[in-house]
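Inspection log for the structure reproduced underneath, given as structure tokens.
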Amino acid sequence: MSATMTSAAPAGTAGGQRGPALRHAVYLTGRSLRILRREPVYLAFTLIQPMVWLLLFGALFERVADLPGFGDTSYLEYLTPGVVVMTAMMSAGWAGSQFIDDMQRGVMDRNLTSPVSRGALITGALAYQAVVTVVQSLIVFGVGLLAGARYDGGLAGVLVVLLCAVLLAVIFAALSCAVALTLRSQESLIGVSQFLTLPLAFLSTVMMAPALLPGWVGTVARVNPVDWAARASREALLGNPDWSAVLGRAGLLAALTLVMAWLATRAFRAYQRSV
Amino acid sequence: MQHAIEAEGLVKTYGKGPKAVRALSGVGFAVPSGTVFGMLGPNGAGKSTTTKILTTLSTPDSGTAVVAGLDVAKQPGAVRHAIGYVPQKPCFDPTATGRENLTLQGHVYGMPGSDIRSRGTHLLERFGLADAADRITKTWSGGMQRKLDVALALMHRPRVLFLDEPTTGLDPEARADMWAEISGVTQADGVTVLLTTHYLEEADQLADRLVIIDRGQVVAEGTPEELKGGLDGDAVQVELADPGQQEAARRAVAAVRGVGEITADGARLHARVGNGAATLPGLLAALDGAGVPLASVTVARPSLDDVYLRHAGRSFHSADRAGTEVAA
Ligand SMILES: Nc1ncnc2c1ncn2[C@@H]1O[C@H](COP(=O)(O)OP(=O)(O)O)[C@@H](O)[C@H]1O
Ligand SMILES: [Mg+2]
């Protein structure tokens, strides 16, 4: 009877084991981007809140920038990089919801019995979020420019802002995936993400100049990754940035990114123990 | 005969402490290569848990399993290349088209692009999905979606295919369609299939051999014919108007000539008899004489239902209901 079994070697075993993980991550990223391409409304949806912040608050608090502490920028110019990184964080908070869908269907179980590595499943989700963040950031930036914001930092400054936004997005996407794998319900994920992201946005210098923050908020802001990203971004857009300040905060973001990605991979073990 | 699957003494407990659930308490069986092997049992029996262990998704507390000659604990990576798995829940991506689903699956297994295209087209045609291939699968019918799940699992030409309740929730027509596809898989591809089901007629129809599993244990094993043949004669089922008279009814029936084993299950009494038609008049007279009013009487050739009743000590349907309540 065994003679009738297919004699072909199992596909894919010929390749090395390092290469596939990267290829898998690319294919999985592509899968998510296809969803986004088919339903671009979703992207528009994630941009509503930032637009309100940017345009409404930008106009409402225009005179705030007259206070000492804002330097000679307009409030809109001050606000735009902060809204870029804040958008990156808030949208990344939902990254885990695809995992929950996949777990509630059999997709996760099928993936985990395939040669796809757990690392590639995480990396695919994070890479997708990075791409989304770049698109969102460019749109928010573009709207800021249209509304009249001007920056001396030029292209280099914009690239730094994108980098900070992507790092921040990956941090929160990884956290969101870890929460999704641990709690396994959309409601819990929404709860955790709401509980975390709004306070982090307010306990930072996204809206208010550092010198004008109440003392305790300033203290919290110092350990708030949103603030690291906002400060580095604003600094990089100046005509003559203090690059050591930019690098220091970007470095912190990069370090936290690695920690969070590791955490998300660990969360897979908890999931597998429970199936 | 060579075995595609060998499981021995699988034990699995979910959770810890007082809330712990013993899902498997020593499940073992062997599946000959190139056959369809059925795993029949009510809800909560442990079918999915066994399947998850054999597909490397879950690890047992103790016991061993070898799939396609590979130890699932020691060589999970190699096992994953050798198997295809259709989980109990739908596993296709509803946001992608049928072809996109298959293409991603091919990439995951490292198949070359040209092979992915031809294999995908072949499977779509074979499962009657070619016309819908480029439509988003969300819009497909339930039967088509489930067939796509199976096609996905076959994409990389696995040697062993695991189907966890592939027809649950399908309408009768789609189910018959799926049955034809499953038989085709062993014949056309020489794949070994492990199929779990809680439909007796599905196991009867498809499985070359099967195990009956109940509360985490194998209670019977054999070909459907062997299992049914192990029971002598026919099955008589008597439904009492008053369940309180179970004992009286049992005594009356036991005294009738030609009656073998009797099992009682609430208001139902199941009796094995040598020849149903010949025994029935005497049996009815005895019950009448004992003053036991009846709601209904049926005589049937032995079915897997009877096999289940014999080995698990309760009827399949009452076990299924109990399992659903526990699982809910
Ligand atoms: N992930 C899980 N966590 C806790 N208990 C589980 C889990 N999966 C299954 N069980 C329990 O284990 C038992 C066997 O379940 P399962 O293998 O799914 O049965 P079947 O597939 O035969 O319906 C049931 O009592 C079920 O409630
Ligand atoms: Mg099940």
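Values in this text are rule-based calculations from the coordinates and carry no lab data. No experiment lies behind these values; they were computed from the predicted model shown. Every residue, glycine as well, gets a Cβ built from its backbone with ideal geometry; the counts of neighbours run over all protein chains shown.
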(request) Give, rounded to the nearest 20 debye, the magnitude of the charge dipole that chain A has about its Cα centre when Lys and Arg contribute +1 at Cβ and Asp and Glu contribute -1 at Cβ. (result) 1080
(message) Give me B:Leu40, A:Leu252, A:Leu200 sorted ascending by neighbouring Cβ count inside 10 Å, so fewest comes first.
(response) A:Leu252, A:Leu200, B:Leu40
(message) Considering only C-alpha atoms, what is the centroid distance from the range A:106-120 to the range B:28-50, in Å?
(response) 23
(request) Just round it to a whole percent: the fraction of Cα-Cα distances in the range A:76-169 exceeding 19 Å. (result) 48
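For the residues B:Asp115, B:Asp305, A:Asp242, what sequence is obtained by ranking on other C-beta atoms within 10 Å, fewest first? Write out the running numbers ahead of the final one.
Working: B:Asp115 14, B:Asp305 19, A:Asp242 11.
By the 10 Å Cβ count, ascending: A:Asp242, B:Asp115, B:Asp305.
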(request) Consider just the alpha-carbon atoms of the protein assembly as shown and return their Rg together with their Dmax, both in angstrom. (result) 31.3, 108
(request) Subtract the Cα-Cα distance of B:Glu8 and B:Ala255 from 0.36 nm times their separation in residues, and report this length gain in nm to one decimal. (result) 84.6 nm
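On average, how many beta carbons from a partner chain sit within 10 Å of the beta carbon of a residue in B:76-88? Write down the numbers at each step before the final one.
Values: counts 2, 4, 3, 2, 7, 7, 2, 3, 3, 6, 3, 9, 2.
Rounded to a whole number, the mean comes out at 4.
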(request) Take the alpha-carbon centre of the range B:163-193, take the same for the range A:70-98, and report the distance between them in whole Å. (result) 52
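Which helices of chain A meet both criteria: a Cα extent of 18 Å or more along the helical axis and a mean Kyte-Doolittle score no lower than 0.0, with helices taken as whole DSSP H segments?
A:75-92, A:118-146, A:154-183, A:186-202, A:243-274
Please compute, for peptide A:31-42, the average count of beta-carbon atoms on other protein chains lying within 10 Å of each residue's beta-carbon. Let's see the in-between values first.
Values: counts 8, 1, 0, 6, 3, 1, 0, 3, 1, 0, 0, 0.
For peptide A:31-42, the averaged partner shielding equals 2.
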(request) Based on other C-beta atoms within 10 Å, arrange B:Val160, B:Val86 from fewest to most. (result) B:Val160, B:Val86
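FRET efficiency for B:Leu294 and B:Arg135, Cβ-Cβ distance as r, R0 = 56 Å, nearest 0.05? Spell out each step's value before the answer.
Values: r = 55 Å, r/R0 = 0.98.
Between B:Leu294 and B:Arg135 the formula returns 0.55.
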(message) Working only with C-alpha atoms, what are the Rg and Dmax values of the range B:1-89, expressed in angstrom?
(response) 13.1, 43
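Would you kindly state how much longer the chain becomes between A:Leu60 and A:Leu43 on full extension, computed as 0.36 nm times their sequence separation minus their alpha carbon distance, in nm to one decimal?
Working: separation 17, 0.36 × 17 = 6.12 nm, distance 2.57 nm.
Value of the extension gain: 3.6 nm.
Based on the Cβ-Cβ distance from B:Gln187 to B:Ser25, what FRET efficiency comes out when R0 is 45 Å, to the nearest 0.05?
On the way: r = 35 Å, r/R0 = 0.78.
So the FRET efficiency works out to roughly 0.80.
Where nothing but the Cβ of Lys and Arg (+1) and of Asp and Glu (-1) is charged, how large is the charge dipole of chain B around its Cα centre, in debye to the nearest 20? Please report the intermediate quantities before stating the final value.
Working: 32 positive and 38 negative charges, 181 e Å.
Once rounded to the nearest 20, the dipole reads 880 debye.
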(message) I'd like the mean, over residues of B:108-119, of how many other protein chain beta carbons sit within 10 Å of each residue's own Cβ.
(response) 3
(message) Could you tell me which residue out of B:Ser118, B:Thr137, B:Tyr85 lies farthest along the dipole of the range B:85-176 toward its positive end? Charges go on the beta carbon: Lys and Arg +1, Asp and Glu -1, centred on the Cα centre.
(response) B:Ser118
(request) Taking 7 Å along the Cα-to-C-beta vector as the label spot, tell me the A:Trp216-B:Ala267 distance in nanometres, rounded to one decimal. (result) 6.8
(message) Could you check the spin-label model distance between A:Ser185 and A:Leu146? Points 7 Å from the Cα along Cα→Cβ, value in nm.
(response) 4.1
(message) Compute, for the protein assembly as shown, the length of the dipole vector about the Cα centre, with Cβ point charges of +1 (Lys, Arg) and -1 (Asp, Glu) only. Units Debye, rounded to 20.
(response) 1380
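Would you mind calculating the gained length between A:Ser274 and A:Asp101 on full extension (0.36 nm times residue separation, minus the Cα-Cα distance), in nm to one decimal?
Working: separation 173, 0.36 × 173 = 62.28 nm, distance 1.68 nm.
Difference between extended and current length: 60.6 nm.
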(message) At 222 nm, what value in deg cm²/dmol follows for chain A if DSSP H runs of at least 4 each add -39500 (n - 2.57) and the sum is divided by all its residues, to the nearest 500?
(response) -23500 deg cm²/dmol
(message) So if the hydrodynamic radius of the range A:20-274 is defined as the Kirkwood radius over C-alpha pairs, what does Stokes-Einstein give as its diffusion coefficient at 25 °C and 0.890 mPa s, in µm² per second?
(response) 131
(message) Using only alpha-carbon positions, what ratio does the radius of gyration of the range B:232-301 give when scaled by 2.2 N^0.38 Å?
(response) 0.95
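Could you give the alpha-carbon Rg of the range B:3-227 over 2.2 N^0.38 Å, rounded to two decimals? Numbers along the way, then the final one.
On the way: Rg = 17.2 Å, N = 225, 2.2 N^0.38 = 17.2 Å.
With N residues counted in the range B:3-227, Rg over 2.2 N^0.38 Å equals 1.00.
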